[in-house]
Amino acid sequence: MAKLRRGWGIVLSAKDVQETDRLATVLTEKEGKVPILAKRARRIESPYGAVLEPTNYVELIYYVRVGPYLLKEASLLRRYPGISGELARLEAALEGLNFVEGLLPERVPEPRVLSLTVGFLEELEKGAPPDVLLLAYELKALSALGHGPHLEGCVRCGSEEDLTWSPGEGLICRSCGGEGEEMPASLWRAMRMLSRLPLSSAGRVRLREGEVKRIRALLRGHGRGDYNPA
């Protein structure tokens, strides 16, 4: 007989399956990232379709089984209207949740990442600059999982001169084998500051649009190359 379990967490993503079902991925407090199947959630009379929306903080009761867990009950603990009501904030929230979902293996508790994710959504809700906050969140999520890029000079010798970027490692100087385009000091120092500051202070880091895009591309490459959950 399947075990019944209660959990709390953030809905990372949700998609429609079959004709009336919904499959949600939830970052829970005790089990980490788990897939949960909500039968008939897309029917008009179901209360669960609106609950299982990305960014929602929810309480769940579900059956533990092989494959996706099966939802028994769900209730909404918190919604973030300030995020859903502004496109730039919603896009940042969904992008950040998607990034973290791709990093996490299933059913491995990651309480630091959950706490970080709640903080990210709360700061978005309060009005923090979404583009810079997103970068800070992703850097901190990588670090929380033990895979953050090295930003304290060259990873091999500590030099702060002639630095390049190596996906999966971070900064490497050319003398130690670094290749590719040189990393401007202003860029990697901004990344280091974002990784150190609390999320509530991320808005203090000023970046131009081109710098935001470049850091985002670097983190995407780093995440793909550095942590590939089974």
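In table form, for the structure just shown:
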item	result
Matching option when the condition is over 22 Å from Glu209 (Cα atoms) and not assigned by TED's automatic domain parsing to the domain that holds Val26, among Glu101, Glu95	Glu101
Qualifying residue in the range 190-199 (condition: assigned to a loop (DSSP other than H, G, I, E, B) and within 24 Å of Leu124 (Cβ to Cβ))	yes
Among the candidates Thr55, Thr20, residue that is closer than 30 Å to Gly168 by Cβ and polar (S, T, N, Q)	Thr55
Residue match in the range 164-187 (condition: surrounded by 15 or more Cβ atoms within 10 Å (Cβ to Cβ), more than 17 Å from the chain's Cα centre (by Cα), within 30 Å of Glu86 (Cα to Cα) and in contact (Cβ under 8 Å) with a residue 12 or more places away in the chain)	yes
Residue within the range 71-90 that is farther than 16 Å from Gly9 by Cα, under 14 Å from the mean Cα position of the chain (by Cα), crowded, with 21+ Cβ neighbours inside 10 Å and aliphatic (A, V, I, L, M) present	no
Residues being among the hydroxyl-bearing types (Ser, Thr, Tyr) and assigned to a helix (DSSP H, G or I) - total across the range 163-189	2
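The values are calculated or read from the model by the stated rules, or taken from the named source; none is laboratory data. Everything numeric here is computed off the predicted structure, so don't read it as measured data. All Cβ positions, glycine included, derive from the backbone under ideal geometry; neighbour counts span all protein chains shown.
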